[in-house]
1. Quick check on my filter: what residues within the stretch 74-96 are modelled with pLDDT of 95 or more, of a type outside the set (A, V, I, L, M) and open to solvent by 10 Å² or more (accessible area, probe 1.4 Å)?
2. Can you tell me which residue in the stretch 29-60 is modelled with the lowest pLDDT, limited to those that are over 18 Å from Tyr299 (Cβ atoms) and open to solvent by less than 50 Å² (accessible area, probe 1.4 Å)?
3. Going residue by residue through the stretch 152-163, is there one that turns out to be open to solvent by less than 10 Å² (accessible area, probe 1.4 Å), hydroxyl-bearing (Ser, Thr, Tyr), more than 21 Å from Val222 (Cα to Cα) and touching a Lys or Arg at 6+ places or on another chain (Cβ under 8 Å)?
4. Out of the residues in the stretch 288-305 meeting the condition of being outside any strand (DSSP E or B) and open to solvent by 10 Å² or more (accessible area, probe 1.4 Å), tell me which one is farthest from Val153 (Cα to Cα).
5. For the condition over 25 Å from Thr172 (Cα atoms) and either surrounded by fewer than 18 Cβ atoms within 10 Å (Cβ to Cβ) or not basic (Lys, Arg) (or both), what is the one hit in Asp206, Asp277?
6. Just to be sure I understand the filter: pairs with C-beta atoms under 6 Å, separated by 6 or more residues or on different chains, first member in the stretch 290-303 and of a type in the set (Asp, Glu), second member assigned to a strand (DSSP E or B). Which pairs pass?
7. Do we have any residue at all in the stretch 274-287 that's in a strand (DSSP E or B) and touching a Phe, Trp or Tyr at 6+ places or on another chain (Cβ under 9 Å)?
8. Name the single residue, out of those in the stretch 254-273 being in a loop (DSSP other than H, G, I, E, B) and without any contact (Cβ under 8 Å) to a residue 40 or more places away in the chain, that is nearest to Thr226 (Cα to Cα).
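The values are calculated or read from the model by the stated rules, or taken from the named source; none is laboratory data. This is a predicted model, so every value here is computed, not measured. For neighbour counting, all protein chains shown are included, and Cβ atoms are generated from backbone atoms with ideal geometry for every residue, glycine included. Side chains are part of the model used for accessible areas, which takes the heavy atoms of the whole protein and leaves out ligands, DNA and RNA. Shrake-Rupley method; radii C 1.70, N 1.55, O 1.52, S 1.80 Å.
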Amino acid sequence: MTPRLHRLTTAVLLGLGTPVAASAAAPGERGCTPIPSARIGFQLATVMSGFMPPGATPLPSPDPARMRAGTANPPMPRLAPDPAMFRRYLKDLRAVGFRNMERFGGTLLLPDVPYRAILKDAGIRSVSSHGSLEEPEWSAELDRAQALGQNYVGSWGFGPIGLDSYEHVLATAANLERLGRAAAARGLRLMVMDHEAALRFHYPYDRNGDGRTEMVSAWEIVAARTDPRFVHFELDIHWALKALGSEDALVAFLNRHWGRIDLLHVKDMAPDGSVTDLGKGINDWPRIFAAAGNQVRYYIWEYERPSDPLLSAATAYRYLRCEK
């Protein structure tokens, strides 16, 4: 199927009609795309302030230098939540409509078995996770993801070796291929997500195999150098927009790479570039979702530090379902 036919098929399947150029509509007036409930999830880090004890939330981000190089692992919490409070909060999210969760912080320092029981009791399924791609944590992540019945296991970076040189990008791609094969052997899909580094680093690369080099992003080089059966990608829409510079550039990127992107971080942008409630920002979500393609397995809502996580969660879920 050609990319254009794929996009038109996607538009029909998601109820969009023919994809259109960005409109001049004000924030919150661009319409919506009804996403099936089974494909909607939330990033656990978004709502952790609602149930974690003071000082326990694993934010701000770790070593800025490792973040810039694309090698940082997600931080672990410093304190465990009260299990009863954690269970109640997940049940509140289930009452909003969410069925799926992207795990963060391991099992929040809770034992694995009680953690699984809390999720089951709340009616929430862990479908993916952001953890470490380095040993010994990687082996534990595979064990935990398999025990939780996840589809995906991965991280918010591309792991070692880094993206800050062309040689490092090639070595990182080879490492991800190795990790992806190990995940596939356990019935899991490796996915990696990056904030900005993978799209900001560019290197001369023979994209078409014709001997001509052009400046290509580290993200695209990693995609070209890895087997799509074993390495999958999650794209954070907010950070991709920051890195690419415009919605037009984002749509063009999605059109080129829809076959490799299995998950989206759905995060809206305010006019000043900050994150805002989903459906209240400047993003043309019908256009973005059409470009991303109907192969996207999960639309993971994320919002860094909302003042009222449950209220923002309800706003996001209703928007994704096109509910008033």
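1. Once the filter is applied, which keeps residues that are modelled with pLDDT of 95 or more, of a type outside the set (A, V, I, L, M) and open to solvent by 10 Å² or more (accessible area, probe 1.4 Å), the stretch 74-96 yields Asp82, Pro83, Arg87, Arg88, Tyr89, Lys91, Asp92, Arg94.
2. Across the stretch 29-60, the extreme among qualifying residues is Pro58.
3. No.
4. Residue satisfying both the conditions and the ranking: Arg305.
5. Asp277
6. Glu302/Gln43; Glu302/His265
7. Checked against the condition, which is being in a strand (DSSP E or B) and touching a Phe, Trp or Tyr at 6+ places or on another chain (Cβ under 9 Å), the stretch 274-287 yields at least one hit.
8. Residue satisfying both the conditions and the ranking: Lys267.
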